[in-house]
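*Asks:* Quick one: the structure is below, questions incoming.
The values are calculated or read from the model by the stated rules, or taken from the named source; none is laboratory data. Worth saying up front: this structure is predicted, and the values here are computed from it rather than measured. Reconstructed Cβ throughout: ideal geometry from the backbone, glycine too, with neighbour counts over all protein chains shown. Please note that ligands, DNA and RNA were not included when accessible areas were found on the heavy atoms of the full protein model with its side chains. Shrake-Rupley method; radii C 1.70, N 1.55, O 1.52, S 1.80 Å.
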Amino acid sequence: MFDVKSNERPSRIDRTLTLAIAGLMAIGVLFICSATTSVESNRAIPWYNLLYVRQIFWCVIGLTAAACVCLVDYHRLARWSLVIYAVMILFLVAVLIKGIGVERMGARRWIDFGFFQFQPSEFAKLAVILALAHFLSRPAEELRHPLTFIKALALFGLPFLLILPEPDLGSALIMLPIGLVMLYAAGIPVRYIGQLIGGGVLLIALIMVDILLAPAGWQIKLEDYQRRRLLVYFGLDGAAPDATAAQRAEARREMRNYSYNVEQALISVGSGGFFGKGWRQGTQSSLGYLPRAVAHNDFIFSVIAEEKGFMGSATVLALYSVVLFTGIRIAGQARDRLGKLLAAGVVALWFSHVFINIGMNIRIMPVTGVPLPLLSYGGSSVLSSLIAAGI
């Protein structure tokens, strides 16, 4: 949140960034309220347990954490980065252990502290940014050494491999753009980055071949839910090539069930028109067509688009644009490579979340469960997003 003009002048709070973040938090609270208070059963819940009230609480805690981060020199943060990174790796390992990690809907991603369901993968992204920025803040000649590239790759590759089996493909994939952007911003030779991108493209191509053509004799191992989401994205039923007519009909029926959330989200976005139906007047969320279990988190953008239409959606995108472009400006004005890399990593983190989440709401991206920063409900997401903004 600082705009540094020179080494001599004191840092100052960037008011534009602060106002954009405040606007996003306010919109998040309003539309979490809209998406959840229309449910009849919620009217019997004490006010302090309502989801939008909890979101306000986490926003206050997150702002306090962001302010504390702002008051700490980022060089001091960097000196502790490897300790923070090691602690987050331990949490990522712990969440996979039965009895420690809390399992919901087939995924073990949380640790229950009683008052707080801690999701280590959200904070692991921040730990990777800190550790990678600290590691890459070294003389330019060292950055050209292949071993430096391999070590940097391991820094964001290890959390990637630990988050995958939770399973949480969305959070794991976020590590890749963060790592690539920071490697490029640091000055790692482009040929190394090109080889890494080439390997990633090859892996994606093999997965697409497996999904689209289903060749016999080999298969890339995917979780069932991951395979279904990709089939939904490509509009396929997943039936075997030699399936009977009855089997194909059953496969199509199952795929319609799996694609229900995405289809209802798209209807919500399209039905809002230019100005929307009005706050708390959205029929998709209030009547439950957009499933209530996901309307306030993964598909909060669809709720906003239905109730405030194109103008509401454009406002959200404008606020995110302010945050991202301010982050790019801060990276360009940073006094040293460490500051530049920290800002670049945070911009990559926010952009990836915004692009993937809004993309899955309008069906240009597969559903991955990546939250929309400060809009989606969730304590871990709000805290990590505000700490990132503080950095």
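*Asks:* Quick one: net charge of Glu307's neighbours, Cβ under 14 Å, K/R +1, D/E -1?
*Replies:* Local charge sum for Glu307: +2.
*Asks:* While we're looking at this one, here's another question. Sorted by average packing, counted as other Cβ atoms within 10 angstrom per residue and highest first, what order do 361-374, 274-287 take?
*Replies:* 361-374, 274-287
*Asks:* How high is the relative contact order of the stretch 83-125, given as a whole-number percent (alpha carbon pairs under 8 Å, six or more residues apart)?
*Replies:* It rounds to 32 percent for the stretch 83-125.
*Asks:* Enter the per residue convex hull volume of the chain, computed from alpha-carbon coordinates, in Å³ rounded to the nearest integer. Spell out each step's value before the answer.
*Replies:* On the way: hull volume 61.0 nm³, N = 391.
Given the Cα convex hull of the chain, per-residue volume reads 156 Å³.
*Asks:* Let me check against my output: what whole-number percent is the relative contact order of the chain, with C-alpha pairs under 8 Å and at least 6 apart?
*Replies:* Here the relative contact order equals 26 percent.
*Asks:* Net charge near Tyr192, counting Lys/Arg +1 and Asp/Glu -1 over other residues with Cβ under 14 Å of its Cβ?
*Replies:* With Lys, Arg at +1 and Asp, Glu at -1, the net is +2.
*Asks:* For the pair Leu96/Cys70, report the inter-label distance in nm, with labels modelled 7 Å from Cα in the Cβ direction.
*Replies:* My value for the distance between the label points is 3.8 nm.
*Asks:* Something else: Using a basic spin-label model with each label point 7 Å from the Cα along Cα→Cβ, how many nm lie between Ala86 and Met311?
*Replies:* Reported label-point gap for Ala86 and Met311 is 5.5 nm.
*Asks:* Membrane-span-like helices in the chain: DSSP H runs reaching 27 Å or more (Cα, own axis), mean Kyte hydropathy at least 0.0?
*Replies:* Details: long enough: 15-36 (31 Å, 1.78); 51-71 (30 Å, 1.78); 190-213 (33 Å, 1.97); 300-333 (39 Å, 1.12); 337-361 (36 Å, 1.13).
Helices meeting the span and hydropathy rule in the chain are 15-36, 51-71, 190-213, 300-333, 337-361.
*Asks:* Return a single number: how many Lys pairs in the chain, at a sequence separation of 8 or more or on separate chains, have alpha-carbon atoms below 26 angstrom apart.
*Replies:* 8
*Asks:* If you line up the Cα atoms of the stretch 242-320 on their principal axes, what length do they span on each, largest first, in Å?
*Replies:* 50, 25, 21
*Asks:* Let me ask something additional. Mind ordering 249-255, 377-383, 49-55, 261-267 by average Cβ neighbours within 10 Å, highest first?
*Replies:* Working: 249-255: 14.3, 377-383: 22.9, 49-55: 17.4, 261-267: 19.1.
Highest mean packing first, the order is 377-383, 261-267, 49-55, 249-255.
*Asks:* Figure the gain on full extension for Ile61 and Ala140 (residue separation times 0.36 nm, minus the Cα-Cα span) and round it to one decimal in nm.
*Replies:* Details: separation 79, 0.36 × 79 = 28.44 nm, distance 3.90 nm.
My answer for the length gained is 24.5 nm.
*Asks:* Might you tell me the accessible area per residue for the chain, computed with a 1.4 Å probe and given in Å²?
*Replies:* Working: 18860 Å² over 391 residues.
For the chain, the solvent-accessible area averages 48 Å² per residue.
*Asks:* Let me ask something else about it. With all protein chains present, calculate the accessible area of Asp112 using a 1.4 Å probe and round the result to the nearest 10 Å².
*Replies:* 80 Å²
*Asks:* Sticking with this structure for a sec: What's the FRET efficiency of Ile45 with Glu103 using the Cβ-Cβ distance as r and R₀ = 25 Å, to the nearest 0.05?
*Replies:* Efficiency computed from Cβ-Cβ geometry: 0.55.
*Asks:* Now for a different question. Rounded to the nearest 0.05, what FRET efficiency is calculated for Glu250 and Tyr184 with R0 set to 51 Å and r the Cβ-Cβ distance?
*Replies:* Numbers: r = 47 Å, r/R0 = 0.93.
Using R0 = 51 Å, I get an efficiency of 0.60.
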